[in-house]
Amino acid sequence: MTSQLQTKKLALTSSNYHSKEANKEYMSVSQFKGFIECEAKEMAKLTGAYIEPQSNAMLVGSYLHAAFESDDVFRTFEEENNKAIYKSRGGKYSDFEMADSMIETLKSDPFAMFAIEGEKEQIYTADLFGATWKIKVDSIHHGRLSFSDLKTTQDLHKRYWSDKYIGWVSFIEAWDYVLQMAVYRRVLQENLGQTYTPYIVAVTKENPPNKAVVHFDESRFEFEYEYLDMKMERINEVKQGIKEPIRCEKCRYCRGSRKIIDTIEVGALIHE
Ligand SMILES: [Zn+2]
């Protein structure tokens with residue numbers, strides 16, 4: 001029997017992991033979140049019709065990750081992004097100075113460093129919810145059957161309104177990090193035959209930075225698996241070209257490609 005899932009897939013490496021080819025063949029947590037936000041934008045990214053601009057926040061995030069991967073990786077990253085990190089008159093841009101203070105905060109906390117211990121940036125794939133998923137784990141510790149992911153945030157205790165959870169949530173739920181941990185946990189189960197415990201090591205952009213090691217009540221994962229199950233059927237159909245992608249008419253891609261087709265009443269401006 002041949003199905004799309006059984007055809008030979010592109011072998012993933014750290015250099016092609018984020019490529020368009022890899023994204024076409026594999027589902028990832030960020031791609032899933034992209035489809036939930038706007039199907040049209042996500043499809044345009046896959047065809048290459050739309051390229052999302054890299055934000056400075058993303059670059060700062062990569063800088064932080066590189067610092068905990070290895071000294072070599074960090075040095076190479078600094079060299080490759082020299083112009084974004086260093087001012088022409090010397091010294092680092094404030095975002096990167098803040099990142100240095102975040103790195104220092106974690107490095108001087110033994111508990112945080114314990115949670116970050118393990119093999120870095122490991123790639124795994126597995127067939128789940130009708131697609132082949134790819135994950136890259138920040139840090140995995142086979143001895144302790146645990147893995148961890150490094151996250152930056154404004155404030156550990158800030159509350160966000162969530163339509164998904166229909167309530168006020170922390171940054172962890174607001175950015176779908178519970179879903180991410182749930183997917184990683186399942187992909188690791190498929191690959192390693194054991195249940196690994198996820199942790200998020202969070203550090204804030206405050207001065208001085210705050211930090212926490214976050215664990216998850218097991219009961220949270222079932223909700224995410226049901227949510228994935230519910231959403232993936234349509235996403236698979238859209239990605240395979242069976243269903244037309246829906247435009248959200250709110251994102252950067254939709255703004256750049258929309259035409260006015262009718263007038264809008266004042267009240268609809270804040271309810272659309
Ligand atoms: Zn959109």
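The values are calculated or read from the model by the stated rules, or taken from the named source; none is laboratory data. Remember, predicted model here, so these are calculated numbers, not experimental data. All Cβ positions, glycine included, derive from the backbone under ideal geometry; neighbour counts span all protein chains shown. Only protein heavy atoms, including side chains, enter the accessible area calculation; ligands, DNA and RNA are left aside. Shrake-Rupley method; radii C 1.70, N 1.55, O 1.52, S 1.80 Å.
Carbon-plus-sulfur fraction of the accessible area of the stretch 43-90, 1.4 Å probe, in percent?
Values: 1580 of 3080 Å².
Looking at the stretch 43-90 in its full context, I get 51 percent from C and S.
Considering Cα pairs under 8 angstrom that are at least six residues apart, work out the relative contact order of the chain and quote it in whole percent.
Answer for the chain is 19 percent.
How long are the semi-axes of the ellipsoid equivalent to the stretch 109-241, from square roots of 5 times the Cα gyration tensor eigenvalues, in whole Å, largest first?
25, 21, 12
What do you get for chymotrypsin sites (Phe, Trp or Tyr not before Pro) in the stretch 157-245 restricted to DSSP loop and a cutoff of at most 15 other Cβ within 10 Å of the site's Cβ?
Hits after loop and neighbour filter: Y165, W175.
To the nearest Å, what is the center-to-center distance of the stretch 167-187 and the stretch 54-71, using C-alpha atoms only?
21 Å
Enter the accessible area per residue of the stretch 109-241 (Å², integer; probe 1.4 Å; all protein chains in place). Before the final figure, lay out each step's value.
On the way: 6480 Å² over 133 residues.
Here the residues of the stretch 109-241 average 49 Å² of exposed surface.
Can you list the GluC sites (Glu not before Pro) in the stretch 189-239 that are in a DSSP coil and have 14 or fewer other beta carbons within 10 angstrom?
E218
Taking all protein chains as present, what is the carbon and sulfur share of the accessible area of the stretch 122-272, in % to the nearest whole number, probe 1.4 Å?
49 percent
If you plug each phi of the stretch 197-210 into the Karplus form 6.51 cos²θ - 1.76 cosθ + 1.60 with θ = phi - 60°, what whole-Hz ³J(HN,Hα) values come out, in order, with x for Gly and Pro?
After applying 6.51 cos²θ - 1.76 cosθ + 1.60, I find 8, x, 9, 10, 9, 10, 9, 9, 8, 7, 10, x, x, 9 Hz.
Just need the relative contact order of the stretch 37-175 here, percent rounded to a whole number, with Cα pairs under 8 Å and 6+ apart.
The value is 12 percent.
I'd like to verify something in the chain: which complete DSSP H helices, judged by Cα projection on the helix axis, reach 18 Å or more and average at least -0.5 on the Kyte-Doolittle scale?
Correct list, ordered by number: 56-69, 94-107, 177-192.
So what are the three principal axis dimensions of the chain from its Cα atoms, in whole Å, longest to shortest?
54, 52, 38
Which loop trypsin sites (Lys or Arg not before Pro) in the stretch 166-272, with loop taken from DSSP, have no more than 14 other Cβ atoms within 10 angstrom of their Cβ?
K243, K250, R258, K259
Relative contact order for the stretch 109-241: what percent, with Cα pairs under 8 Å and sequence separation of 6 or more?
Taking the mean separation of contacting Cα pairs over the length of the stretch 109-241, I get 25 percent.
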